[in-house]
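What follows is a short report on a single structure.
The values are calculated or read from the model by the stated rules, or taken from the named source; none is laboratory data. Note that the structure is predicted; figures quoted are calculated from it, not measured. So basically every Cβ, Gly included, is an ideal-geometry build from the backbone, and we count neighbours across all protein chains shown.
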2 protein chains.
Amino acid sequence: MTSPGGGTRFALVAGTTETASRAGISAAGADPELMSVTPAADAELVAYGSPVRTSVTPVSPSGCPTPALATRAVREVLGFDATIVDGGLAERTGAPTVSVGARPGKDIAEQDPVPTAHGAFAAARQLGQALPADELYLGETIPGGTTTALGVLRALGENGMVSSSLPENPTEQKEKLVTQGLKASSLSPGDAANEPKRAVRRMGDPVLATLAGLTAGAVESDTAVTLAGGSQCVAVAALVRHGGYEGPLGLATTSYVANDESADVRASAHRLDLDLTVTDPGFDRSDHVAMERFVAGEAKEGVGMGGALALADRAGIPMAEVRDRFATLYDDLIGDAPAATAEEGP
Amino acid sequence: MTSPGGGTRFALVAGTTETASRAGISAAGADPELMSVTPAADAELVAYGSPVRTSVTPVSPSGCPTPALATRAVREVLGFDATIVDGGLAERTGAPTVSVGARPGKDIAEQDPVPTAHGAFAAARQLGQALPADELYLGETIPGGTTTALGVLRALGENGMVSSSLPENPTEQKEKLVTQGLKASSLSPGDAANEPKRAVRRMGDPVLATLAGLTAGAVESDTAVTLAGGSQCVAVAALVRHGGYEGPLGLATTSYVANDESADVRASAHRLDLDLTVTDPGFDRSDHVAMERFVAGEAKEGVGMGGALALADRAGIPMAEVRDRFATLYDDLIGDAPAATAEEGP
C-alpha cells in the first residue's frame with residue numbers, strides 16, 4: 001500500500017568504497033570485481049524483485065545469496081514503501097534512486113577517501129527532514145562496509161569490533177588497515193570525537209555519511225528512526241550520537257549479527273543507548289541451500305534484512321512465510337543460474 | 001502492495017523542454033520560470049504525496065492544481081507500484097528516479113533540440129524490456145509537451161491537432177512554432193515518416209523519446225502497455241507505430257482531453273489503432289475550487305491522470321472516493337499556501 005503521508009518507510013542507501021577491493025575484506029560478491037555491482041543489484045532486487053540492468057544476483061564466493069532477497073521477501077509478503085538513495089554507486093542501477101551527491105568512496109588507507117561526505121550528509125539530512133513517514137527504517141548495502149565502519153568507530157574513539165560477511169571475521173586485517181588509514185589522515189584514535197563529519201570523511205564511506213545525514217534529519221522532524229542492520233548501523237548511530245543527538249534510536253538486526261561473538265553488537269548497542277531488536281529468521285529450520293549459507297555464518301545481515309524481519313515479526317507474519325518467499329526468490333533468480341559461483345547449487 | 005514480479009506498474013517520465021519558456025504555450029506552472037520545477041515537483045507528489053525538495057506544488061497561473069494530485073489520489077486509494085524515470089529534469093527532485101541519460105530538451109525552433117534522444121530511447125527500451133510487470137501504464141510530465149508532441153506528429157507526417165493545458169488552445173502559435181522548427185531542422189512535414197528517432201530528436205523532447213523507448217521495450221517482452229495521457233501519448237503511439245510495431249496499444253485519457261474539440265484525440269486514437277479508454281472523474285459534481293478549474297478546461301490531463309483514473313474505475317473504486325482524496329491532497333498542499341497564485345483560493 002501507499003501510505004497517505006506517513007506510515008512506515010524503508011530507505012536503502014546503496015554505495016561503494018574501494019576498500020572492498022582488498023582481498024579477504026568482504027564476501028559481498030563472487031569476486032572483488034563483481035563487488036562493485038552488488039549495491040546496484042541489491043537496489044534492483046529491493047525495488048523490483050529481479051535484476052533489471054545488472055545481470056547478476058549477488059552471491060558470495062561460496063554461493064551465499066545477498067540478504068537483499070530476505071528484505072525483498074518481507075516486502076512482498078508485508079508490503080512497505082521503499083526509497084533507495086544513491087550513496088555512491090559505482091555501476092548503473094535500474095532501480096529508481098534519490099541523489100544526495102555522494103560519489104564512490106576511495107580506500108580508507110588514502111588520506112581523503114570520502115570527499116563528498118559533507119555534501120552528502122547535508123543533502124541527506126534535508127531529505128530525512130522532508131521524507132513523509134511516521135517511522136523510517138534505514139538499511140545499507142556497501143561491500144567492505146564493516147571495515148569503513150570500524151574506521152569511523154576508531155576515529156570517534158569508540159571501542160568494540162565490527163562483524164563480517166565472512167564466517168571468519170578478518171579482525172586483524174581490518175584493524176591493521178584502519179591503523180594505516182588513521183595514519184594517512186594524521187589521526188589518532190578518538191581524534192575525531194564529536195566531529196562526525198570529519199570521522200566519516202577521513203575514515204568512513206559515502207553510505208555511512210548518507211545514513212548519518214538521513215538519521216539526523218529524520219529525528220529533527222520527529223520521525224522515529226530504526227537503523228536496520230549490524231555493525232555499519234552501529235557506526236551510523238555512533239556518528240549521530242557524536243553529533244549531539246541523545247534521543248531515541250532503534251537498531252534492528254539479525255540473530256546472525258547479534259550472536260557474532262567476534263563483534264558483540266549487543267554491547268555496542270548498549271554503549272550507544274540504542275533500542276535493540278534482534279530477529280531470527282529461523283533459517284536453521286530449513287535445509288534450503290540459500291539458508292544453509294546463512295546458518296554457516298555467511299552474510300549475516302545487510303540491505304536492511306534485520307529491519308525487514310523485525311517489521312514482519314511485528315506484523316505477526318510467521319517466519320515460515322518469509323522463508324518460503326525467500327526460497328522462491330532464490331530459486332527463481334539463482335537456482336537455475338550457471339554453476340560458476342554455485343558450489344552449493346543444485 | 002508490492003507485487004511479486006508482475007502486476008500493474010505505473011511509470012512516470014518527467015522532463016523538460018525549453019519550448020515551454022515561450023509565453024502562452026503552457027499552463028503547467030504559475031509562471032514560465034516555475035515551469036521547469038513542475039516535473040520535479042510532480043515526481044515528488046506521485047512518489048510521496050508531498051513536496052520533498054521542491055518547495056511548491058505546481059499550479060497554473062489561475063491556480064489550477066497539477067493533475068499529479070489526481071494520480072496520487074488514486075495511488076493512495078488503490079495502491080500501485082510507481083517508477084519514475086528521469087526524462088530530462090532541469091531541477092533536482094527528491095523523488096527516486098531511474099536515469100536513461102536524457103537531458104533537458106532545447107526549444108524545437110533550434111536545429112537539434114534533443115541530442116540525447118537516441119541514447120535515451122535505447123536505454124529506456126532496455127528498461128522497458130526488463131521491468132517486471134504484466135502491464136505498464138506510462139505517464140508524462142513536461143510543460144510545453146503538447147507543442148513538441150505536435151512537432152513529432154508533423155515530422156512523422158501525421159495529421160491532427162494536439163490538446164492544451166490552457167482553456168483556449170493556442171493552436172496557431174503551436175503550428176507556427178512547429179513550422180519554424182521543421183525549417184530549422186531542414187525537414188518538411190512527413191520527412192521523418194518511419195524514422196521515429198529522427199522525428200523525436202529534431203522536433204520532440206526527451207520525455208517523448210524516453211516514453212517511446214519504454215513502450216517499444218515493454219511490448220517486446222510481452223508487457224501490455226497503456227499510454228496514460230492525452231496528446232503527448234498520441235505522439236508516443238505515433239513514434240512506436242512508425243517504428244514498425246503493429247500490436248495492441250492502449251491509450252487511457254481523461255474526459256477533458258477526449259472532449260477537447262480543438263484536438264480530437266479520439267480520431268487520432270482511431271488512426272493509430274489505439275485501444276482508447278476515457279474516464280470522467282466527475283469533477284463537475286463538486287464545487288471544490290481545485291476541481292472547478294478542471295471543469296473550466298484547464299490542465300485536462302497529465303502525470304498519468306487518465307491512466308490512474310482508468311485503473312481506479314477498473315478496480316471498482318467510486319470516483320467520489322478519488323475526488324475526496326484529491327480534495328484532501330489539495331487542501332493539505334495548496335489550500336493554506338500564500339495567495340500569490342491562488343486567485344481562486346480560500
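Conditions first: (1) under 16 Å from the mean Cα position of the chain (by Cα); (2) under 24 Å from B:V59 (Cα atoms). B:P167 passes all but one, so which condition is the exception?
(1)
B:V59 is checked against (1) crowded, with 21+ Cβ neighbours inside 10 Å; (2) at pLDDT below 95; (3) out of contact with any helix residue (DSSP H, G or I) (no Cβ under 8 Å at 6 or more places or on another chain) and fails just one. What number does that condition carry?
Going through (1) crowded, with 21+ Cβ neighbours inside 10 Å; (2) at pLDDT below 95; (3) out of contact with any helix residue (DSSP H, G or I) (no Cβ under 8 Å at 6 or more places or on another chain) one by one, B:V59 breaks only (3).
Would you point out which residue out of A:A199, A:A228 is free of Cβ contacts under 8 Å to residues at least 60 places away in the same chain and of a type outside the set (D, E, K, R)?
None of the others qualify; the one that does is A:A199.
Going residue by residue through segment B:177-188, is there one that turns out to be farther than 24 Å from B:V59 by Cα, assigned to a loop (DSSP other than H, G, I, E, B), of a type in the set (S, T, Y) and out of contact with any helix residue (DSSP H, G or I) (no Cβ under 8 Å at 6 or more places or on another chain)?
Yes, segment B:177-188 contains a residue that is farther than 24 Å from B:V59 by Cα, assigned to a loop (DSSP other than H, G, I, E, B), of a type in the set (S, T, Y) and out of contact with any helix residue (DSSP H, G or I) (no Cβ under 8 Å at 6 or more places or on another chain).
Among (1) under 21 Å from B:S60 (Cβ atoms); (2) buried (at least 24 other Cβ atoms within 10 Å of the Cβ); (3) touching a Cys at 6+ places or on another chain (Cβ under 9 Å), where does B:R293 come up short?
Of (1) under 21 Å from B:S60 (Cβ atoms); (2) buried (at least 24 other Cβ atoms within 10 Å of the Cβ); (3) touching a Cys at 6+ places or on another chain (Cβ under 9 Å), only one is false for B:R293: (2).
Can you tell me which of (1) out of contact with any helix residue (DSSP H, G or I) (no Cβ under 8 Å at 6 or more places or on another chain); (2) under 26 Å from B:E44 (Cα atoms); (3) without any contact (Cβ under 8 Å) to a residue 60 or more places away in the chain; (4) not β-branched (V, I, T) is the one A:D31 doesn't meet?
Going through the list (1) out of contact with any helix residue (DSSP H, G or I) (no Cβ under 8 Å at 6 or more places or on another chain); (2) under 26 Å from B:E44 (Cα atoms); (3) without any contact (Cβ under 8 Å) to a residue 60 or more places away in the chain; (4) not β-branched (V, I, T), A:D31 breaks only (2).
State all residues of segment B:253-292 that are assigned to a helix (DSSP H, G or I) and in contact with a Leu (Cβ under 6 Å, 6 or more places away or on another chain); if no residue qualifies, say none.
Answer for segment B:253-292, where residues must be assigned to a helix (DSSP H, G or I) and in contact with a Leu (Cβ under 6 Å, 6 or more places away or on another chain): just B:A269.
State all residues of segment A:240-273 that are under 15 Å from the mean Cα position of the chain (by Cα), crowded, with 24+ Cβ neighbours inside 10 Å and of a type in the set (A, V, I, L, M, F, W, C); if no residue qualifies, say none.
Passing the criteria: A:L251, A:A252, A:V257, A:V265.
Kindly indicate whether A:A43 is over 15 Å from the mean Cα position of the chain (by Cα), more than 22 Å from A:T171 (Cα to Cα), touching a residue at least 40 places away in the same chain (Cβ under 8 Å) and crowded, with 24+ Cβ neighbours inside 10 Å.
Spelling it out, it is not the case that A:A43 is over 15 Å from the mean Cα position of the chain (by Cα), more than 22 Å from A:T171 (Cα to Cα), touching a residue at least 40 places away in the same chain (Cβ under 8 Å) and crowded, with 24+ Cβ neighbours inside 10 Å.
Here is a list: A:R53, A:R72. Which entry is at the interface with chain B (Cβ under 10 Å from one of its Cβ atoms), surrounded by fewer than 24 Cβ atoms within 10 Å (Cβ to Cβ) and either touching a Leu at 6+ places or on another chain (Cβ under 9 Å) or part of a helix (DSSP H, G or I) (or both)?
Of the residues listed, the single one that is at the interface with chain B (Cβ under 10 Å from one of its Cβ atoms), surrounded by fewer than 24 Cβ atoms within 10 Å (Cβ to Cβ) and either touching a Leu at 6+ places or on another chain (Cβ under 9 Å) or part of a helix (DSSP H, G or I) (or both) is A:R53.
Which of (1) part of a helix (DSSP H, G or I); (2) in contact with a His (Cβ under 7 Å, 6 or more places away or on another chain); (3) farther than 22 Å from B:A20 by Cα is the odd one out, the single condition B:G213 does not satisfy?
B:G213 satisfies all of (1) part of a helix (DSSP H, G or I); (2) in contact with a His (Cβ under 7 Å, 6 or more places away or on another chain); (3) farther than 22 Å from B:A20 by Cα except (2).
Return a yes/no flag: does segment B:232-252 have any residue that is within 21 Å of B:E175 (Cβ to Cβ), among the polar types (S, T, N, Q), touching a residue at least 60 places away in the same chain (Cβ under 8 Å) and part of a helix (DSSP H, G or I).
Yes, the conditions are met somewhere in segment B:232-252.
Counting only residues that are in contact with a Ser or Thr (Cβ under 6 Å, 6 or more places away or on another chain) and surrounded by fewer than 24 Cβ atoms within 10 Å (Cβ to Cβ), how many does segment A:144-170 have?
3
Is there a residue in segment A:155-170 that is within 24 Å of A:S36 (Cβ to Cβ), modelled with pLDDT of 95 or more and part of a helix (DSSP H, G or I)?
Checking segment A:155-170: not a single residue is within 24 Å of A:S36 (Cβ to Cβ), modelled with pLDDT of 95 or more and part of a helix (DSSP H, G or I).
Please go through segment B:281-290 and pick out each residue that is surrounded by 15 or more Cβ atoms within 10 Å (Cβ to Cβ) and either at pLDDT 95 or above or of a type outside the set (A, V, I, L, M, F, W, C) (or both).
B:P281, B:G282, B:F283, B:S286, B:H288
With the requirement that a residue be more than 14 Å from every other protein chain (Cβ to nearest Cβ) and under 27 Å from B:P132 (Cα atoms), what does segment A:94-144 give you?
Selection gives A:Y137, A:L138, A:G139, A:E140, A:T141, A:I142, A:P143.
For every residue, the table says whether it meets (1) under 18 Å from the mean Cα position of the chain (by Cα); (2) not hydroxyl-bearing (S, T, Y).
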position: A:F121; (1), (2): yes, yes
position: A:T141; (1), (2): yes, no
position: A:L153; (1), (2): yes, yes
position: A:K176; (1), (2): no, yes
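Is it the case that B:G79 is within 10 Å of another protein chain (Cβ to nearest Cβ), within 26 Å of A:A95 (Cβ to Cβ), surrounded by fewer than 19 Cβ atoms within 10 Å (Cβ to Cβ) and more than 17 Å from the chain's Cα centre (by Cα)?
Yes: the conditions hold for B:G79.
Look through A:T83, A:T93 and report the one residue that is part of a loop (DSSP other than H, G, I, E, B), of a type in the set (V, I, T), in contact with a Lys or Arg (Cβ under 7 Å, 6 or more places away or on another chain) and closer than 20 Å to A:T210 by Cβ.
So the residue among A:T83, A:T93 that is part of a loop (DSSP other than H, G, I, E, B), of a type in the set (V, I, T), in contact with a Lys or Arg (Cβ under 7 Å, 6 or more places away or on another chain) and closer than 20 Å to A:T210 by Cβ is A:T93.
Of all residues in segment A:56-69 being over 18 Å from B:A130 (Cβ atoms), assigned to a loop (DSSP other than H, G, I, E, B) and in contact with a Gly (Cβ under 9 Å, 6 or more places away or on another chain), which is farthest from the other protein chains (Cβ to nearest Cβ)?
A:P61
What residue, among those in segment A:121-143 that are among the hydrophobic types (A, V, I, L, M, F, W, C) and in a helix (DSSP H, G or I), is surrounded by the fewest Cβ atoms within 10 Å (Cβ to Cβ)?
A:A122
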